[in-house]
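Below is one structure; the comments refer to it alone.
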Amino acid sequence: MHSGDPAIYGATNEQMRRLEALGIAYEVVPGVSSFTAAAAALGSELTRPEVSQSIILTRTSGRASAVPETESIASFAAHRATMCIFLSGQRLKQTVADLSLHYPPDTPVALVRRASWPDQSVHRSTLGKMLSEVKQKDWLLTTLLLVGEALSREGGVESSLYAAGFTHIFRDGDARKTKRASLQKENQA
């Protein structure tokens, strides 16, 4: 049995190779990743039209394995996309410093510890204020830092997905309905 997301930061590949070498059968059962559980806990989407259409999943360097320099928090922050930073609690001050190189101080951020667990903790703030509002020791383990304008509670441009005139395979828009009604009248005449 292995906890966490089997696809990222779990070292499951190493374990699978060892099991295969020993001829032991195993099954990988996908679950809900902690970054999507964190978004649910926040009641937030991680993408928003004309704000951010990309999500960068990354982590801070740790003792078990380093993050390549080309994938540093600071270099990813230059994109100003939504970022979900795993294992960020122990390096919170440095992570905020790296993010602050590119994101403005009023950028929305959230800390989510133990996402989807009964003792889950959530703290919403801005990049410029967060460190003064929390005690780092309370966020050391199983903490995800989310950052980006998509986390804002403010309005913004809405997707066309639910606009009256937007059509797709499962829904006629107003223009299609009007045309269909006109054709039906012609056929009845």
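The values are calculated or read from the model by the stated rules, or taken from the named source; none is laboratory data. Not measured: the values here are computed from a predicted model. Heads up, the Cβs are rebuilt from the backbone with ideal geometry, glycines too, and the neighbour counts pull from every protein chain shown. Just the protein is used for accessible areas: all its heavy atoms, side chains included, with ligands, DNA and RNA removed. Shrake-Rupley method; radii C 1.70, N 1.55, O 1.52, S 1.80 Å.
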| remark: Residue separation between Val157 and Asp119 times 0.36 nm, minus their alpha-carbon distance, gives in nm 10.2 nm
| request: Figure the gain on full extension for Thr167 and Glu45 (residue separation times 0.36 nm, minus the Cα-Cα span) and round it to one decimal in nm. | output: 41.6 nm
| field | the chain: relative contact order in percent, alpha carbon pairs under 8 Å with at least 6 residues between | value | 20 percent
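What percent does the relative contact order of the stretch 1-82 come to when contacts are Cα pairs within less than 8 Å and at least six residues apart?
Details: 43 pairs, mean separation 18.0, N = 82.
It rounds to 22 percent for the stretch 1-82.
Could you give the size of the charge dipole of the stretch 49-178 about its Cα centre, using +1 on the Cβ of each K and R and -1 on the Cβ of each D and E, expressed in debye and rounded to the nearest 20?
440 debye
As a test of reading the structure, rank Ser75, Ser116 by solvent-accessible area (1.4 Å probe, protein chains only), most first.
The ranking, largest first, comes out as Ser116, Ser75.
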| Loop-located trypsin sites (Lys or Arg not before Pro) in the stretch 26-125, at most 15 other Cβ atoms within 10 Å (DSSP) | Arg63
| request: Round to the nearest 10 and report in Å² the accessible area of Trp117, as given by a 1.4 Å probe over the protein chains' heavy atoms. | output: 130 Å²
| said: Given axes a ≥ b ≥ c from the Cα gyration tensor, I'd like to know whether the stretch 1-83 is rounded (a/c under 1.5), prolate (a/b larger than b/c) or oblate. | reply: oblate
| note | When every protein chain stays in place and a 1.4 Å probe is rolled, Ile85, Ile8 sorted by accessible area with the largest first are Ile8, Ile85
| remark: Phi angles of the stretch 130-138, converted by Karplus (6.51 cos²θ - 1.76 cosθ + 1.60, θ = phi - 60°) into ³J(HN,Hα) in whole Hz with x for Gly and Pro, give 3, 4, 7, 9, 10, 9, 4, 4, 7
| How much solvent-accessible surface does Met130 expose, in Å² to the nearest 10, with a 1.4 Å probe and all protein chains in place? | 0 Å²
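Take the alpha carbon gyration tensor of the stretch 45-142, find the square roots of its eigenvalues, order them as a ≥ b ≥ c, and report rounded if a/c is under 1.5; if not, report prolate when a/b exceeds b/c, else oblate.
It is rounded, given that a/c, with a ≥ b ≥ c, falls under 1.5.
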| Roughly how tilted is helix 174-188, in degrees to the nearest 10 and between 0 and 90, from the longest Cα axis of the chain? | 30 degrees
| remark: Sorted by chain and number, the residues with a modelled amide H under 5 Å from that of Leu87, at a separation of 5 or more or across chains, are Thr143
| message | Cβ neighbours within 10 Å, averaged per peptide: list 18-27, 147-156 in order, most packed at the top. | response | 147-156, 18-27
| said: Give the aspartates and glutamates whose C-alpha is closer than 15 Å to that of Lys93, dropping any in the same chain fewer than 8 places away, or say none. | reply: Glu133, Asp138
| said: With the cut-off at 1.5 for a/c, could you classify the chain from its C-alpha gyration tensor as rounded, prolate or oblate? | reply: oblate
